[in-house]
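A short worksheet on the structure shown next.
The values are calculated or read from the model by the stated rules, or taken from the named source; none is laboratory data. What you see is a predicted model, and the numbers here were worked out from it, not measured in a lab. When we count neighbours, we look across all protein chains shown, and the Cβ atoms used for this are built from the backbone with ideal geometry, even at glycine. Heads up: the accessible areas ignore ligands, DNA and RNA and are worked out on the full protein's heavy atoms, side chains in. Shrake-Rupley method; radii C 1.70, N 1.55, O 1.52, S 1.80 Å.
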Amino acid sequence: MAQELLATVRRMRTRVRTRRFIINWLVCCALVAATSELPRLQAAPDAPAAQSSGPVTDLSLPTVPDLNPDPRILEINLTAEVARVEVSPGRRVDAWTYNGTLPGPLIRLTVGDRLIVHFTNRLPSPTTVHWHGLRLPIQMDGVPGASQPQVETGGTFTYDFVVPDAGLYWYHPHVMSAAQVGFGLYGAFLVDDPSETFKVAEERVLVLSDIDLTEQGGLEDPETGGSTGMAFGREGNTLLLNGRNHPRVSMRSGVTQRWRVVNAAKSRFFNLDPGVGIRFTKIGDDGGLQEYSEELESLVLAPGERADVFYTPTAKPGTEYGVHAYLFDRGFGSVEARQSEDLFEIVMADTPAVTPQPHPRVTRAIEAISQTGATPVAIEFGIDQKEDKSFYYTINGKPLADIPPLKAAVGETQIWKVTNTTPWSHPIHLHGFFFQVLDKDGRPRRPLKWKDTVSVPLKDSVTLVVRFDDRPGSWMYHCHVLDHAEGGLMSAVQLSRPGEPAPPLPSEHTHPASP
Ligand code: C2O
Ligand code: CU
Ligand code: CU
């Protein structure tokens, strides 16, 4: 049976190659489904076994030693390097890592602390580190051309900044990011707020991702499927939670936990089912706590997004259940003929269940950004085909090399209407600034939240409001399905002070994938 499936897979692959020049849109969509189906077919034979066995892990993330005696300074060494990691018992892969682990170390500090990172690149390719969601000066944003030169193999760079806001953030490269993030380069970045008054028994940082492995256990070619694969946004075939495929985690029934969750996958949306009769209480979003909490039957996170949730596992002591990752419809090929699977299994400790207590009430005063005098900006995400029928994405009708940067002045407020005419969803991410999402009538969506990434659903639009403070620079905005960014959904906002020259543009702006 497995042999037959693999043969079909190989035939599909050949077909993708030879018919690339004659496909029309509809045929293409079918192929997208087929292409995205390939990894699942490969992974299917061993997935169920991995799901029900294996040791119980504690899911803790690696940490990194602090070289600085000053309690308000965290000074660390961070090295990007290829390292062998174990994604499930006996299953090892040479991934691209920070400090040899997948994910990289959890960087944790208190709001207002200073971070100094001595970064070294030991990868066979240039790279940088981008601090996703942090409101930093442009020089620390990790974008070649706009912030710094790319760090060549063997090169170093020192990142040095103060963390301005509490919340869960993350770090990843900004050079060939679809490949590099897909190979394993990401880590969580947690900024604590000492003034928080609520307490729960346990806290976990959960890094959701996936990795694309070949049958031989190597890393899949990040260009597989050509421009069709790009148009879809290639997903990894192996789900990872804190770097582990289908881990089993021990918890105590009735004891509330706080989960800080980040979706670090290069394309995959996660749609987590909390389990029978359980709900998530969501208290925070990308930029820290939100105005008030929401009760959720499922938790959806687009690539790049974060959530802060309370979770109370409830089941008979000694039993086990799965936190299921449902398929999320992000466009053609994302749900058709695919199967969903558990992200991880919760093993109830064999101790008497605790009677669950109501979740603490958590609120935060957030002011709606004033829209008075705001500049309207229209951004349209489209898709088009070249003469050879290969696909490319467009912003306002222009391919990547021709997209003019947006302009903004320090102190300006802008209202972006982002329209998506394509058959796939696009989580738009803006570097360096938080925004608020508006409803169809232009009122801020409640509860109020600080966002840096929001999904623009297929054939739909999203409106957001952003105020640019006094940090001039060219700040990228792009789809966080990283294949889409490199395929054309990527540009920058050139933010200047009046009377000063416009800041330099990112080099990726014109050469997205050039090494
Ligand atoms: Cu997390 Cu430019 O991105
Ligand atoms: Cu970012
Ligand atoms: Cu996209």
Fill in the blank from the handout: So the carbon and sulfur contribution to the accessible area of region 365-515, 1.4 Å probe, in percent, is 53
Completion exercise
Stokes-Einstein, Kirkwood over Cα pairs, region 380-497, 10 °C, 1.306 mPa s; D in µm²/s equals 108
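How much accessible area per residue does the chain have, in Å², with a 1.4 Å probe?
Roughly 39 Å² per residue, with all protein chains present.
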Practice task
Report the longest stretch of the chain that contains none of the chymotrypsin sites (Phe, Trp or Tyr not before Pro) sitting in a DSSP loop with at most 13 other Cβ atoms within 10 Å.
Solution key: 199-515
Handout entry: Compactness of region 178-270 as Cα Rg over 2.2 N^0.38 Å, two decimals
Key = 1.36
Practice task
Against the globular-protein guess of 2.2 N^0.38 Å, express the Cα radius of gyration of region 350-436 as a ratio, rounded to two decimals.
Solution key: 1.78
Fill in the blank from the handout: Lys and Arg at +1, Asp and Glu at -1: neighbours of I383 with Cβ under 13 Å from its Cβ sum to +1
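Please work out how much length the chain gains when fully extended from E295 to A378, using 0.36 nm per residue of separation minus the C-alpha to C-alpha distance, in nm with one decimal.
Full-extension gain reported as 26.6 nm.
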Problem - Proportion of all alpha-carbon pairs of region 145-187 beyond 16 Å (%) - result: 54
Completion exercise
Across all Cα atoms of region 306-384, Rg and the largest Cα-Cα distance (Dmax), in Å, are 21.6, 61
Fill in the blank from the handout: Gyration tensor (Cα only) of region 206-314 to equivalent ellipsoid, semi-axes in Å sorted down, yields 30, 17, 11
Exercise for the section: Could you list which residues have their amide H under 5 Å from that of M476, counting only those 5 or more apart in sequence or on another chain, with H placed in the peptide plane? Expected result: H431, V493
Exercise for the section: Enumerate the amide H contacts of E380 below 5 Å, restricted to partners 5 or more residues apart or on another chain; note that Pro and chain-start residues carry no placed amide H. Expected result: N396, T419
Handout entry: Computed lengthening from E367 to A409, 0.36 nm per intervening residue step minus Cα-Cα distance
Key = 12.9 nm
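Which peptide among 397-409, 142-154 comes first, and what is the full order, when sorted by highest mean count of other Cβ atoms within 10 Å?
With the highest mean Cβ count within 10 Å placed first, the list reads 142-154, 397-409.
R0 = 51 Å: FRET efficiency of D221 with D192, Cβ-based, nearest 0.05?
0.80
Using the scaling law 2.2 N^0.38 Å as the reference, what is the normalised Cα Rg of region 158-223?
Numbers: Rg = 16.7 Å, N = 66, 2.2 N^0.38 = 10.8 Å.
It is 1.54.
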Completion exercise
For region 176-270, percent of DSSP beta bridges that are antiparallel (nearest 5) comes out at 45
Exercise for the section: Considering only lysines 8 or more places apart in sequence, or on different chains, count the pairs in the chain whose C-alpha atoms sit under 19 Å apart. Expected result: 17
Fill in the blank from the handout: At q = 0.16, 0.19 1/Å the base-10 log of I(q)/I(0) from the Debye formula over the alpha-carbon atoms of region 70-207 is -0.84, -1.12
Handout entry: Global geometry of region 227-377, whether rounded, prolate or oblate, following the gyration tensor of its Cα atoms and the 1.5 cut on a/c
Key = oblate
Handout entry: Binned Cα-Cα distances of the chain, short to long, each 20 Å bin given as a whole percent
Key = 23, 59, 18, 0
Practice task
Taking H placed 1.01 Å from N in the peptide plane, check which residues at least 5 places from R234 or on another chain put their amide H under 5 Å from its amide H.
Solution key: D483
Handout entry: Counting DSSP beta bridges with both ends in the chain, the antiparallel % (nearest 5)
Key = 70
